[in-house]
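Okay, structure first, notes after.
Each reported figure results from applying straightforward, stated rules to the coordinates on display, with no laboratory input. Note that the structure is a prediction, hence the values are computed from the model and not measured.
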């Protein structure tokens, strides 16, 4: 598996993968999001995004096609995103999920009240309108590693 930063030439493939995995794309053009891409032989089968808000990041859009599941692709993408976030000076990651709470809990993310998330993250479209109130909010301190 190869990991690389996504670029403008990957935009269509990223959107397609997110849609195919049932994840929102409505706000992808509203601000910069760093995407990491997993693939092999020029084929993309996994993606994860990081939206930065100063020292806090919103982990978003972890999507892995069926052919990449069960092979550690999701874990590899999360690990790489956390390393990227640390390098960028981000000390805390926050996410919203409707389906992956056990996956993220196993990687050190803990549930928090949605209104306990940093204000900057709460102002994002994902928090304000895209993810339903029923989504679980989770956080991880990146400084403790």
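In degrees, nearest 10, range 0 to 90: what is the angle between the Cα axis of helix 73-87 and the longest Cα principal axis of the chain?
60 degrees
Using only Cα atoms, find the angle between the long axis of helix 11-20 and the longest principal axis of the chain, and express it within 0 to 90 degrees, rounded to the nearest 10.
Its long axis makes an angle of about 70 degrees.
By what distance, in whole Å, do the Cα atoms of segment 71-145 stretch along each of the three principal axes, largest value first?
Largest first, segment 71-145 extends 30, 28, 18 Å along its Cα principal axes.
At what distance in angstrom do the alpha carbon centres of segment 1-32 and segment 88-133 lie from each other?
Spelled out, the Cα-based centre of one part sits 19 Å from the other.
In percent, how large is the relative contact order of segment 2-141, given Cα pairs closer than 8 Å and 6 or more residues apart?
Answer for segment 2-141 is 21 percent.
Give, to the nearest whole percent, the P(r) tail of the chain beyond 21 angstrom, counting all Cα pairs.
It works out to 38 percent of all Cα pairs.
Could you work out [θ]222 nm for the chain from helices alone, using -39500 (n - 2.57) per DSSP H run of at least four and dividing by all its residues? Round to the nearest 500 deg cm²/dmol.
-6500 deg cm²/dmol
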